[in-house]
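The structure under discussion appears below in the form of structure tokens.
The values are calculated or read from the model by the stated rules, or taken from the named source; none is laboratory data. None of the values given here were measured: they were computed from a predicted structure. Don't worry about glycine lacking a Cβ; one is built from the backbone with ideal geometry, like all the others, and counts go over all protein chains shown. Ligands, DNA and RNA are excluded from the accessible area calculation, which covers all protein heavy atoms including side chains. Shrake-Rupley method; radii C 1.70, N 1.55, O 1.52, S 1.80 Å.
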Amino acid sequence: MLKRISALVLAGLTAMSVASCGSGGSGASGGSGTGSGSGSDAITMGFSQVGAESGWRTANTKSVQDSAKNAGITLKFSDAQQKQENQIKAIRSYIQQKVDIIAFSPVVESGWDTVLKEAQNAKIPVILTDRAVDSKDTTLYKTFLGSDFIEEGKKAGQWLVEEYKDTKDTVNIVELQGTTGSAPANDRKAGFAEVIGADAKFKVVASQTGDFTRAKGKEVMEAFLKSTPDIDVLYAHNDDMGLGAIEAIEGAGKVPGKDIKIITVDAVKDGMQALADGKINFIVECSPLLGPQLMDLAKKVVKGEQVPARVVTEETTFTQEQAKQVLSTRQY
Ligand code: AHR
């Protein structure tokens, strides 16, 4: 239903179609893999995942593994446990194993040029999925498939501006940022700041990383509640941190969604449940269902076909009423 991942094609190239796709495997750095690809055009993909930090990530891993299976692509999968050095090791191992294509979701934006150059020298194409890198040399990867995180931050800010349009009072906001240095943390912060920056009544009074996890979201919110009086709004860069923060807010004897309004990003099932229950006020969707498009792009790249430089995931937003309507059919 909400799997409306359509591709916006940049650089004047044709729109992407969603392919159904091979076999998934899992393993530690370097990637143990299983697969069903066979014959001369069989494809082996090495995939380095960020980790298992959130409900979003779990759904994304499942989407990639299921889609590889359906596409007949042999997947070598590794979980980097939110560490860049683990991702670099995994990519080097995929290069040594001479996979046909490497895909990865970079935990942080910077520091990829050397290993991407190694893949390029070995003539192994790379696809970025979910998160971007800040490399100046865009020939180091074939395409980037994922959300527009700046736009997500802007949508969060736009809801807030509308919600407080009738007040002149100061609105004190605390922000739970995603993993430091990651594209979603940088961009969701920037997009939000750009929108609320137009009105001086909006003040971000505290902003700290919660590493995209529920446990850290709770811990940091507890600290905010102790150090920062009069919090009106929490902006959490993902549902999981927001859900952890809700526990902290309730623990402090306050009512989430009322005493403190909450905006999050992702729209995973637990987040949508909290939205429907009135504990979260607004969620900006970030779809993790990137697997089918990733496999489609991989097939084209391996065949030497041209693909768009950027494929943007199409997403929506949810109010409490909308969450109640779609909750029972939510896929993840
Ligand atoms: O890169 C996507 C982000 O990573 C998701 O919003 C968050 O939940 C995840 O950990």
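Packing here is the average count of other Cβ atoms within 10 Å per residue, and on that basis the peptides 144-151, 157-164, highest first, run 144-151, 157-164. All Cα-Cα distances of the chain, cut into 10 Å bins from zero to the largest, leave 6, 27, 32, 21, 11, 3, 0 percent in each bin in turn.
The phi-based Karplus calculation (6.51 cos²θ - 1.76 cosθ + 1.60; θ = phi - 60°) puts the 3J(HN,Hα) values of region 223-239 at 5, 4, 5, 7, 8, 10, x, 6, 7, 8, 9, 10, 10, 10, 5, 8, 4 Hz, whole numbers, x for Gly and Pro. Using a simple spin-label model with pseudo-atoms 7 Å out from Cα toward Cβ, Lys203 and Asn121 lie 5.4 nm apart. In terms of distances greater than 19 angstrom between alpha carbons, the cross-link table entries Lys89/Lys216; Lys258/Lys279; Lys201/Lys261; Lys62/Lys269; Lys189/Lys254; Lys89/Lys300 yield Lys89/Lys216; Lys189/Lys254; Lys89/Lys300.
Rounded to the nearest Hz, the phi-derived 3J(HN,Hα) couplings of region 80-94 under the Karplus curve 6.51 cos²θ - 1.76 cosθ + 1.60 (θ = phi - 60°) are 8, 6, 6, 10, 4, 4, 5, 5, 4, 4, 4, 5, 4, 5, 5, where x marks glycine and proline.
Put simply, the amide H of Ala103, placed in the peptide plane, has neighbours under 5 Å in Gly46, Phe47, Ser48, Ile127, leaving out anything fewer than 5 places away on its chain. Annotation: per residue accessible area for the chain equals 41 Å², rounded to a whole number [probe 1.4 Å, protein chains only].
Loop-resident trypsin sites (Lys or Arg not before Pro) (DSSP state other than H, G, I, E or B) in region 230-269 with no more than 16 further Cβ atoms inside 10 Å of their Cβ: Lys254, Lys258. Helical runs assigned H by DSSP (4 residues or longer) give the chain a calculated mean residue ellipticity at 222 nm of -11500 deg cm²/dmol, each run adding -39500 (n - 2.57) before division by the residue total. Straight-line cross-link reach from Lys303 at under 19 Å between alpha-carbon atoms covers these aspartates and glutamates, not counting any fewer than eight positions away in the same chain: Asp41, Asp100.
Coupling constants for region 177-183 follow from the phi torsions by the Karplus curve (6.51 cos²θ - 1.76 cosθ + 1.60, θ = phi - 60°), and in residue order they are 7, x, 3, 4, x, 7, 4 Hz; glycine and proline get x.
Extension gain for the segment Ser110 to Glu321, taken as residue separation times 0.36 nm less the Cα-Cα distance, is 72.0 nm to one decimal. In whole percent, how big is the carbon plus sulfur part of the accessible area of region 46-160, probe 1.4 Å, protein atoms only? Reported share for carbon and sulfur atoms: 48 percent. Counting protein heavy atoms only, region 257-306 has 42 percent of its accessible area on carbon and sulfur, 1.4 angstrom probe. Classified by the C-alpha gyration tensor, region 134-225 has an oblate form. Its axis ratio a/c, with a ≥ b ≥ c, is 1.5 or above, and a/b does not exceed b/c.
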